[in-house]
1. Kirkwood hydrodynamic radius of the range 117-267 from all distinct Cα pairs, in Å?
2. Multiply the residue gap between VAL88 and TYR157 by 0.36 nm, knock off their C-alpha separation, and tell me the result in nm, one decimal place.
3. Extending each Cα 7 Å along its Cβ direction at THR182 and GLN123, get the distance between those two points in nm, one decimal.
4. Could you calculate, for the range 194-264, the ratio of the Cα radius of gyration to the Kirkwood radius, expressed as Rg to Rh?
5. Looking at the square roots a ≥ b ≥ c of the eigenvalues of the Cα gyration tensor of the chain, which shape do they give, rounded for a/c under 1.5, prolate if a/b is larger than b/c, or oblate?
6. Helix 2-22 versus the longest principal axis of the chain: what angle, 0 to 90°, nearest 10, using Cα atoms?
7. I'd like the antiparallel share, as a percent to the nearest 5, of DSSP beta bridges with both residues in the chain.
8. Can you compute 3J(HN,Hα) from phi for each residue in the range 223-229, using the Karplus curve 6.51 cos²θ - 1.76 cosθ + 1.60 with θ = phi - 60°, rounded to whole Hz and x for Gly and Pro?
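What follows is calculated from the coordinates using simple rules that are stated; it is not laboratory data. In this text the structure is predicted, and so the values were computed from the model without any measurement. For neighbour counting, all protein chains shown are included, and Cβ atoms are generated from backbone atoms with ideal geometry for every residue, glycine included.
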Amino acid sequence: MKKVLVVVLLVILSFNKVKAQENENTSNQNNVENIEKVTIDDLNRQLENPLSKFWSLIFQENLSFNSGDLVSGTHMSNVFNFQPSLPVPVGKSKMLLVRPVFPIVSVPIFDENGEKTDTKTGQGDMNVFSLYGPDKKDGLIWGAGLTFSFPTASEDYLGSGKFQMGPALMALSITKKWTIGTIIQHWNSVGGDTDRADVTKTDIQYILRKQIQGKGMSIGMGPNISIDWNAESGNKVTLPIGLGITKTVKWGNTPWKLRLEPQYSIIKPDDYGALWNIRIQIAPIVSNPFLK
């Protein structure tokens, strides 16, 4: 599946390059020129905003090291997400983002004694995240929308078996020196397999990054707090902290946003959960054909 995503990426980038070369006097070519005219510092800062006018094809790797009272030792799991971020303008001053998330999941299987017996790998539940808000480069930026989860997992062990939906909110302060804010999503199950447990969960991403001027780089964190409201006491919350580097570079005419962020959970489920997570993100930036 990863090879398929790489091929899709190469095709999209090749199409974008050819289209720009063949239409020098069109609005799409103007968009490519606009990207090239934006400084690396400004681009790195603007891409912190999901409602940025730039399109990005985000490939995100989450490698977790898990432990808990119900298992023996420490075990790795992996979630690889492809999440294209493709906001479109609405009217003269607003942007709409509908961002799907396609996960490939790999998790260990345990017996009744907590010993690892196997590893399951396959497609996880697909998510769709939406936001609507102002078209702004910096300052106080907000967004509101809906978030959905669909039971697309290739095996029961890799997903919830439930259709889920709920609200999504964003509040960010973006300046030349700092990006500070949060993105909140909440899901309730609204259908699906009646034999599976209902879902009520919240994801809170908190963001604190310091811009390094002249380097197209920032240092800071953007971990995700997970709350499972239906879990027993001691197993509801995962609260990680992190410290990572984000850098925007240009390879040829295409900007790429790169991120490496190790995260450590200061609070995790007692039974089983992630103690460490290593997040790697690679995102090529492409022109937005909906901009005039």
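1. That comes to 17.7 Å for the range 117-267.
2. Contour length minus the Cα-Cα distance gives 21.3 nm.
3. So the two model labels end up 3.4 nm from each other.
4. Here Rg/Rh amounts to 1.19.
5. Since a/c reaches 1.5 and a/b is larger than b/c, the shape of the chain is classed as prolate.
6. 10
7. Antiparallel: roughly 100 percent of the beta bridges in the chain.
8. x, 10, 7, 10, 10, 9, 5
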